[in-house]
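The values are calculated or read from the model by the stated rules, or taken from the named source; none is laboratory data. It should be emphasised that the depicted structure is a prediction, and the values quoted were computed from it without experimental measurement. Glycine also receives a Cβ, built like all others from the backbone with ideal geometry; neighbour counts cover every protein chain displayed. Ligands, DNA and RNA are excluded from the accessible area calculation, which covers all protein heavy atoms including side chains. Shrake-Rupley method; radii C 1.70, N 1.55, O 1.52, S 1.80 Å.
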Amino acid sequence: CTTQAGRTMRVILLVALAGLSAVSALHAPTVGTAPALGSQQQGRALRRIETPAPMALRGGADEAESKSIFWNETVELGVLFGLWYWGNTYYNLYNKKALNLLGGAKGGLVWSVACMQLITGVLWVVPLWLLGIRAAPQMTAENWKQIAPIGLFSAGAHGGSVVALGAGAVSFGQILKACEPAFSAVNEIIFLGEVQAWQVYLTLIPIIGGVAFASLKELSFSWLAVIAAMLANESAALKAVFGKSVMKQPWAKAMGPANQYGVVNLISVLCTLPVVLGLEVPKMQQSWDAALKKGSMPKDIYTYTLLSGFAFYLYNEVSFMALSKVSPITHSVANTLKRVVIIVVSCIYFRTPMTTEGMVGSGIAILGTLLYSLAKQKFKQA
């Protein structure tokens, strides 16, 4: 019965991905970009590109442009947020199962799993480009050079997260990742010279305090998980900082959010491969044999790694698409609720107990991340 349920979920995942391809077609730019054009020509091209305006809770789109009773902005948002939550939750579950089969973060293959998850996304999006199902991005060498750091930091964020989730419980990893706003605040000052209002920095206190309190008696506490999660947080913060200027450029906007993530994911693979080759390939066979000796089946390892890769690409791509259609506040609220859903579902699925300190601390930290986003928008610098 459990096996049949697992097969059903895998079929649903593939169907959802097929639906993602159809949904993402709605976000394809109506006019192709020509990155090699001069600045004045690029400006004229940008004005021809139809980019959706940020929406409020319902999206803020022009009501007169509703598409149909069956497919309109509201329905589209529902699909995007549903796939985002669903993909993120199942990514965490499948990723943890794959890592458990391979001995966790110390099994010697954690970066290999992270790399294969990224490669799965490439194997999904590249055929869409080649077959013309989705318009392929038109980029110059200079464009690739500009977006390369974002792919690098994205690789660090993903790899660090996988290591953290392999070293501790999924719930503990999510709690640690709630510290990301603190890293963002520091990096914005260092690299962008952006200083927020004091009210914004005040919200960092419950974030840091909540994570510290939750870690006091965490049953799955691991310093490796803490260090890896902090690496992921720093990488994610740097990705956001450097992405601010790049993603506003005409050629990046013309790609659309779906292709933006596809390109970033492709670069992330290239950045992760050297880590795998240097750290894990020399002892890969030994690590693989050790996992099999503990009873892990190759078929299960391949299956959960592949499914986690599909789910990872799914939720990240639709997150890019959802962010382009809603206001930052709406996205922040949704992201906060998503973290709560993952913690609750993972605790139930893996039967992971949480201490009182863990529940209270995680609640405070997650609330702090929401307050940080809200305060940042309210006291946004002109």
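The table for this structure:
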{"quantity": "Selection from the range 86-135 of residues that are assigned to a loop (DSSP other than H, G, I, E, B) and not basic (Lys, Arg)", "calculated": "Leu102, Gly103, Gly107, Gly108, Leu109, Leu131, Gly132, Ile133, Ala135"}
{"quantity": "Residues that are touching a Leu at 6+ places or on another chain (Cβ under 8 Å), farther than 29 Å from Phe242 by Cα and of a type in the set (A, V, I, L, M, F, W, C), drawn from the range 106-149", "calculated": "Leu109"}
{"quantity": "Residues that are assigned to a loop (DSSP other than H, G, I, E, B) and aliphatic (A, V, I, L, M), drawn from the range 171-185", "calculated": "Ala178"}
{"quantity": "Count of residues meeting criterion [within 13 Å of Gly210 (Cα to Cα), among the polar types (S, T, N, Q) and open to solvent by 40 Å² or more (accessible area, probe 1.4 Å)] in the range 350-382", "calculated": "1"}
{"quantity": "Every residue from the range 189-219 that is in a loop (DSSP other than H, G, I, E, B), within 19 Å of Val360 (Cβ to Cβ) and either in contact with a Cys (Cβ under 9 Å, 6 or more places away or on another chain) or open to solvent by less than 30 Å² (accessible area, probe 1.4 Å) (or both)", "calculated": "Thr203, Glu218"}
{"quantity": "Failed item in (1) surrounded by 18 or more Cβ atoms within 10 Å (Cβ to Cβ); (2) touching a Ser or Thr at 6+ places or on another chain (Cβ under 6 Å), with Cys347 passing the rest", "calculated": "(1)"}
{"quantity": "Scan of the range 299-324 for residues that are of a type in the set (A, V, I, L, M, F, W, C) and within 13 Å of Gly121 (Cβ to Cβ), ordered by number", "calculated": "Leu306, Leu307, Phe310, Ala311, Phe312, Leu314, Val318, Phe320"}
{"quantity": "Hits in the range 272-290 - residues which are open to solvent by less than 40 Å² (accessible area, probe 1.4 Å) and in contact with a helix residue (DSSP H, G or I) (Cβ under 6 Å, 6 or more places away or on another chain)", "calculated": "Thr272, Val276, Glu280"}
{"quantity": "Selected residue (criterion: least open to solvent (accessible area, probe 1.4 Å)) from residues of the range 220-252 that are in contact with a Leu (Cβ under 8 Å, 6 or more places away or on another chain) and farther than 24 Å from Cys347 by Cα", "calculated": "Val241"}
{"quantity": "Selection status of Val264, closer than 25 Å to Leu80 by Cβ and in contact with a Gly (Cβ under 8 Å, 6 or more places away or on another chain)", "calculated": "yes"}
{"quantity": "Single residue of the range 71-119 satisfying the filter (small (Gly, Ala, Ser) and touching a Lys or Arg at 6+ places or on another chain (Cβ under 8 Å)) that is surrounded by the fewest Cβ atoms within 10 Å (Cβ to Cβ)", "calculated": "Gly103"}
{"quantity": "Yes/no for Ser324 being closer than 22 Å to Ala105 by Cβ, of a type in the set (Gly, Ala, Ser) and either within 24 Å of the chain's Cα centre (by Cα) or open to solvent by less than 30 Å² (accessible area, probe 1.4 Å) (or both)", "calculated": "no"}
